[in-house]
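Everything below concerns the one structure shown next.
All of the numbers you see were taken from the coordinates with simple rules; none came from a lab. These numbers were taken from a predicted model, which means no experiment stands behind them. Every residue, glycine as well, gets a Cβ built from its backbone with ideal geometry; the counts of neighbours run over all protein chains shown.
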Amino acid sequence: MNNINNTMRVYHRYLGFFLAGIMAVYAVSGIVMIFRETEFLKSEVITEKILPKDFKTEELGKEVRIRNFKIEKEENGIVYFKDGSYDRNSGTLKFTKKELPYILSKMEKMHKATTNEPLFFLNIFFGLSLLFFVVSSF
């Protein structure tokens, strides 16, 4: 029994050293994700795109990737929505979006990885490692 305890301690210690960096990344990205509905640490990014002139206004929400997209008004061929506009005549789409700094957005993306992304194997490995920590600590 003493041999099993020592073996578990060794594995726990070395795996802990190996995973210390990834635990820090997940801790920081988890804290940042708590504030994802606010503007904390976000900066404005102005985007301008040229769309086809026959682009449907119903598809604008998907194009700008804004949740709860709603057209506020339309006059003289210009469609206005929250934080932007779309000119039907020229096909110009202008909007502002609040985004995290590059490093934090990549960390957040890794934290939220799904099975459609290659990083989900890292999430599974990390989750299993944390489960091992729980078992080996007893």
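What the table shows:
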quantity	calculated
Signed unit charges on C-beta, dipole axis of the chain, positive-most listed residue 55, 101, 80	101
The chain: DSSP helices with Cα axial extent of at least 24 Å and average Kyte-Doolittle hydropathy no lower than 1.0	120-137
Which of 11, 86, 26 has the fewest Cβ neighbours within 10 Å, and the rest in rising order	11, 26, 86
Unit charges on C-beta of K, R, D, E only; dipole of the range 43-99, Debye	180
15 Å Cα-Cα reach of residue 98 towards aspartates and glutamates, excluding residues that sit fewer than 8 places from it in its own chain	37, 39, 44, 48, 83, 108
For the range 68-74, 3J(HN,Hα) per residue [Karplus equation, 6.51 cos²θ - 1.76 cosθ + 1.60, θ = phi - 60°, Hz, x = Gly/Pro]	6, 4, 8, 7, 7, 7, 9
Net charge of Cβ neighbours under 10 Å - reference residue 79; Lys, Arg +1; Asp, Glu -1	-2
Residue order, fewest to most surrounding Cβ atoms within 10 angstrom, among 13, 88	13, 88
Counted charge near residue 135, where neighbours are those whose Cβ lies closer than 15 Å (Asp, Glu -1; Lys, Arg +1)	+2
Ranking of 104, 122, 131, 93 by count of other Cβ atoms within 10 Å, fewest first	131, 122, 104, 93
The chain: relative contact order in percent, alpha carbon pairs under 8 Å with at least 6 residues between	28
Sum of side-chain charges, residue 61 neighbourhood, beta-carbon under 9 Å (Lys, Arg +1; Asp, Glu -1)	+1
